[in-house]
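> Okay, here's the structure, questions in a sec.
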Amino acid sequence: MEIIVQKFGGTSVATPEVRELVVKKIQAACENGFSPVVVVSAMGRKGECYATDTFIELARTAYKNIANRELDQILYCGEMISAVIMTGTLQAAGFDAVMLTGGQAGIITDNNFNNARILKVDPTRLLNLLKMGKVPVVCGFQGVSSDDEFTTLGRGGSDTTAAALGAALNAEMIEIYTDVDGIMTADPRIVTNAKILDCISYGEVCQLAHQGAKVIHPRAVEIAMQKNIPLLVKSTFSNAPGTLITNITQEDTEETGVNDRIATGVTFINNIAQIKISLHDLTNNTASFNIFKTMSDNGISIDLINVNPGQIMFTITEDLAEKATIKLQELGCDVQTTLGCAKVSVVGGGINGVPGVMANFVEALALNHIPILQTVDSHTSISVLIEKSFLQSAVTALHEKFNLSC
Ligand code: ASP
Ligand code: MG
């Protein structure tokens with residue numbers, strides 16, 4: 001039995017017309033000899049009646065700080081409604097479809113409500129259903145803890161469900177259906193000539209996602225990567241081939257001639273604050289520890305971390321800037337907070353070891369008179385912090401400089 005997991009996002013299950021397109025994708029998988037396991041997200045986007053955001057807003061009308069446990073119970077409803085409707089649609093089309101919650105599909109999580117981690121997947125029930133020729137339709141984004149608590153996997157977590165089921169079932173492929181034709185070199189609302197990538201490595205797509213691209217949940221990629229199961233991101237609304245995510249390496253692409261690109265995409269995270277702390281006493285080794293410990297104790301996640309003699313810099317999301325500044329001042333720090341920043345990153349598995357990537361990066365920004373406030377790099381990315389008013393011109397200039405539109 002060759003299993004395929006087909007995950008359909010919120011816009012792919014939002015209306016009766018679109019759900020008929022979903023039926024066609026499932027039908028095609030069956031015709032190609034696969035046994036499909038369907039995973040669905042809640043129906044529609046923010047503002048629509050059965051979307052996840054609607055349930056969050058509804059719960060918060062009762063109490064703004066409603067407990068995460070209770071929030072998870074209402075969040076469960078979104079995927080339940082969607083899975084029931086999609087199962088009914090499949091039954092009407094002649095499929096022997098069966099709706100399952102995340103727990104019924106064998107997804108066991110920890111007890112971290114709103115952001116639970118999958119501890120294990122027991123695929124027995126799914127395998128039995130598949131053997132009987134049934135099409136399981138599983139609620140994405142949910143699981144159950146070992147003490148029978150209903151949990152959700154964090155926003156965008158239906159991708160994680162699909163990957164976890166794909167891994168547990170040893171699927172041939174995990175298809176992620178969405179409303180765009182694949183993963184793009186940049187956000188097309190910013191860069192008009194951004195293009196769809198045919199293929200991308202697990203590592204690159206994780207970097208793109210962590211650096212702000214809203215392509216696929218990075219956790220899903222990490223899970224698929226562990227079992228080396230290909231992920232295909234494609235549109236429900238077209239027959240475009242989509243973007244294949246696999247373990248292609250730079251060497252592979254050089255050998256096959258498929259691709260020798262240095263950069264794969266340009267991405268950004270907006271609304272960031274930069275924190276700069278001057279350290280006057282260079283002999284005081286505990287000062288930097290106290291600074292990072294204070295952030296940690298207050299649940300503030302930090303990024304773009306630079307520790308130099310005399311100065312510590314890092315970034316945080318803008319909404320936490322006031323709290324962080326106050327806590328650091330209470331610690332006696334000489335702190336300077338700059339609001340209104342954005343982090344722009346060039347991601348590419350081919351960056352490592354190639355001379356001149358940073359020179360090109362800096363040249364593109366210099367020609368557009370964009371000051372760099374801070375930089376950080378990894379072997380597959382280079383990021384800069386800039387003033388957010390320069391965001392559009394920086395992303396466009398870098399996309400151009402790294403030949404991503406051809
Ligand atoms: N419905 C959930 C969310 O909006 C999970 C998902 O769509 O992947 O975050
Ligand atoms: Mg999603």
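The values are calculated or read from the model by the stated rules, or taken from the named source; none is laboratory data. From a predicted model like this one, the values you see are computed outputs, not experimental measurements. Heads up, the Cβs are rebuilt from the backbone with ideal geometry, glycines too, and the neighbour counts pull from every protein chain shown.
> Mind checking which residues of segment 9-23 are outside any helix (DSSP H, G or I) and more than 10 Å from ligand 2 (Cβ to nearest atom)?
Narrowing segment 9-23 to residues outside any helix (DSSP H, G or I): 9, 14-15.
If the condition is that a residue be outside any helix (DSSP H, G or I) and more than 10 Å from ligand 2 (Cβ to nearest atom), then A14, T15 are the ones that fit.
Yes/no matrix, rows are residues, columns are (1) in a helix (DSSP H, G or I); (2) at pLDDT 95 or above:
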residue	(1), (2)
F314	no, yes
L320	yes, yes
G332	no, no
T338	no, yes
G353	no, no
V362	yes, yes
A366	yes, yes
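> Just one of K120, K134 is closer than 23 Å to E222 by Cα, in contact with a strand residue (DSSP E or B) (Cβ under 7 Å, 6 or more places away or on another chain) and modelled with pLDDT of 95 or more; which is it? Break it down stepwise before answering.
Numbers: K134 fails: closer than 23 Å to E222 by Cα.
After applying the criteria, what remains is K120.
> Restricting attention to segment 143-165, and to residues there that are touching a helix residue (DSSP H, G or I) at 6+ places or on another chain (Cβ under 6 Å) and closer than 20 Å to E175 by Cβ, which single residue is farthest from ligand 2 (Cβ to nearest atom)? If you could, list the steps in order and put the result at the bottom.
Kept after step one, since they are touching a helix residue (DSSP H, G or I) at 6+ places or on another chain (Cβ under 6 Å), are these residues of segment 143-165: 150-153, 159-160, 163-164.
When the remaining residues are screened for being closer than 20 Å to E175 by Cβ, the result is 153, 159-160, 163-164.
Values: L153: 11, D159: 6, T160: 10, A163: 12, A164: 15 Å.
Going through the qualifying residues, I end up with A164.
> Among the candidates D53, D72, single out the residue that is farther than 29 Å from A93 by Cβ, surrounded by fewer than 18 Cβ atoms within 10 Å (Cβ to Cβ) and within 21 Å of the chain's Cα centre (by Cα).
Working: D72 fails: surrounded by fewer than 18 Cβ atoms within 10 Å (Cβ to Cβ).
Going through D53, D72 in turn, just one is farther than 29 Å from A93 by Cβ, surrounded by fewer than 18 Cβ atoms within 10 Å (Cβ to Cβ) and within 21 Å of the chain's Cα centre (by Cα): D53.
> If we scan segment 78-88, do we find a residue that is over 24 Å from the mean Cα position of the chain (by Cα), under 25 Å from G154 (Cα atoms), among the hydroxyl-bearing types (S, T, Y) and crowded, with 18+ Cβ neighbours inside 10 Å?
Yes, because at least one residue in segment 78-88 is over 24 Å from the mean Cα position of the chain (by Cα), under 25 Å from G154 (Cα atoms), among the hydroxyl-bearing types (S, T, Y) and crowded, with 18+ Cβ neighbours inside 10 Å.
> Consider K46 carefully, then state whether it is in contact with a helix residue (DSSP H, G or I) (Cβ under 6 Å, 6 or more places away or on another chain), under 18 Å from M99 (Cβ atoms) and either within 16 Å of ligand 2 (Cβ to nearest atom) or modelled with pLDDT of 95 or more (or both).
Numbers: in contact with a helix residue (DSSP H, G or I) (Cβ under 6 Å, 6 or more places away or on another chain): yes; under 18 Å from M99 (Cβ atoms): no; either within 16 Å of ligand 2 (Cβ to nearest atom) or modelled with pLDDT of 95 or more (or both): yes.
No.
> Could you check segment 373-387 and list, in sequence order, the residues that are assigned to a loop (DSSP other than H, G, I, E, B) and either surrounded by fewer than 16 Cβ atoms within 10 Å (Cβ to Cβ) or among the aromatic types (F, W, Y) (or both)?
Taking segment 373-387 as the starting set, the residues that turn out to be assigned to a loop (DSSP other than H, G, I, E, B) are 373, 379-380.
Selection gives H379 alone.
> Next question, about the same structure. Could you go through segment 170-178 and let me know if any residue there is away from ligand 2 (no atom under 16 Å from the Cβ), at pLDDT 95 or above, not polar (S, T, N, Q) and not in a loop (DSSP other than H, G, I, E, B). Lay out the reasoning, then the answer.
Filtering segment 170-178 for residues away from ligand 2 (no atom under 16 Å from the Cβ) gives 170-173.
Going one step further and asking which of them are at pLDDT 95 or above, we end up with 170-173.
Those still in the list that are not polar (S, T, N, Q) too: 171-173.
Imposing the further condition that a residue be not in a loop (DSSP other than H, G, I, E, B) reduces the set to 173.
Among the residues of segment 170-178, at least one is away from ligand 2 (no atom under 16 Å from the Cβ), at pLDDT 95 or above, not polar (S, T, N, Q) and not in a loop (DSSP other than H, G, I, E, B), which makes the answer yes.
> If you don't mind, there's one more thing I want to ask. In segment 121-178, which residues are free of Cβ contacts under 8 Å to residues at least 40 places away in the same chain, among the polar types (S, T, N, Q) and touching a Gly at 6+ places or on another chain (Cβ under 8 Å)?
Listed by number, the list holds a single entry, T124.
> With more than 16 Å from ligand 1 (Cβ to nearest atom), more than 24 Å from A220 (Cβ to Cβ) and outside any helix (DSSP H, G or I) as the only criterion, which of I66, I4 stands out? Talk me through it step by step, then tell me what you get.
Numbers: I4 fails: more than 24 Å from A220 (Cβ to Cβ).
The conditions single out I66.
> Additional query: How many residues are more than 16 Å from ligand 2 (Cβ to nearest atom) and on the phi > 0 side of the Ramachandran plot if we restrict to segment 205-240? Show your work before the answer.
Residues of segment 205-240 that are more than 16 Å from ligand 2 (Cβ to nearest atom), as a first pass: 207, 211, 225-230, 238-240.
Within this subset, residues satisfying the condition of being on the phi > 0 side of the Ramachandran plot are 228.
Counting residues in segment 205-240 that are more than 16 Å from ligand 2 (Cβ to nearest atom) and on the phi > 0 side of the Ramachandran plot gives 1.
> Is it true that A342 is assigned to a helix (DSSP H, G or I) and closer than 29 Å to A209 by Cβ? Don't jump to the end; show me each part of the working.
Working: assigned to a helix (DSSP H, G or I): no; closer than 29 Å to A209 by Cβ: yes.
Taking the combined requirement at face value, the residue does not satisfy it.
> Then there's this: Taking segment 22-50 as the search range and keeping residues that are without any contact (Cβ under 8 Å) to a residue 40 or more places away in the chain, of a type outside the set (A, V, I, L, M, F, W, C) and more than 16 Å from ligand 1 (Cβ to nearest atom), which one is surrounded by the most Cβ atoms within 10 Å (Cβ to Cβ)?
Checked segment 22-50; the qualifying residue surrounded by the most Cβ atoms within 10 Å (Cβ to Cβ) is K24.
> Same structure, new question: Do we have T185 as away from ligand 1 (no atom under 15 Å from the Cβ) and under 30 Å from I269 (Cβ atoms) here? It would help to see each step written out before you state the result.
Working: away from ligand 1 (no atom under 15 Å from the Cβ): yes; under 30 Å from I269 (Cβ atoms): yes.
So T185 fits the description; yes.
> Which of the following residues is within 16 Å of ligand 1 (Cβ to nearest atom), among the aliphatic types (A, V, I, L, M) and in contact with a Ser or Thr (Cβ under 7 Å, 6 or more places away or on another chain): A194, A213? Give the steps one after another, and end with the answer.
On the way: A194 fails: within 16 Å of ligand 1 (Cβ to nearest atom).
One residue alone meets the criteria, A213.
> I'd like to know if segment 322-339 contains one or more residues that are of a type in the set (A, V, I, L, M), in contact (Cβ under 8 Å) with a residue 24 or more places away in the chain and within 25 Å of V205 (Cα to Cα). Before the answer, list the steps.
Residues of segment 322-339 of a type in the set (A, V, I, L, M): 324, 326, 328, 331, 335, 339.
Filter again for in contact (Cβ under 8 Å) with a residue 24 or more places away in the chain, leaving 324, 328, 331, 335, 339.
Cutting the leftovers down to within 25 Å of V205 (Cα to Cα) gives us none.
The answer is no; no qualifying residue exists.
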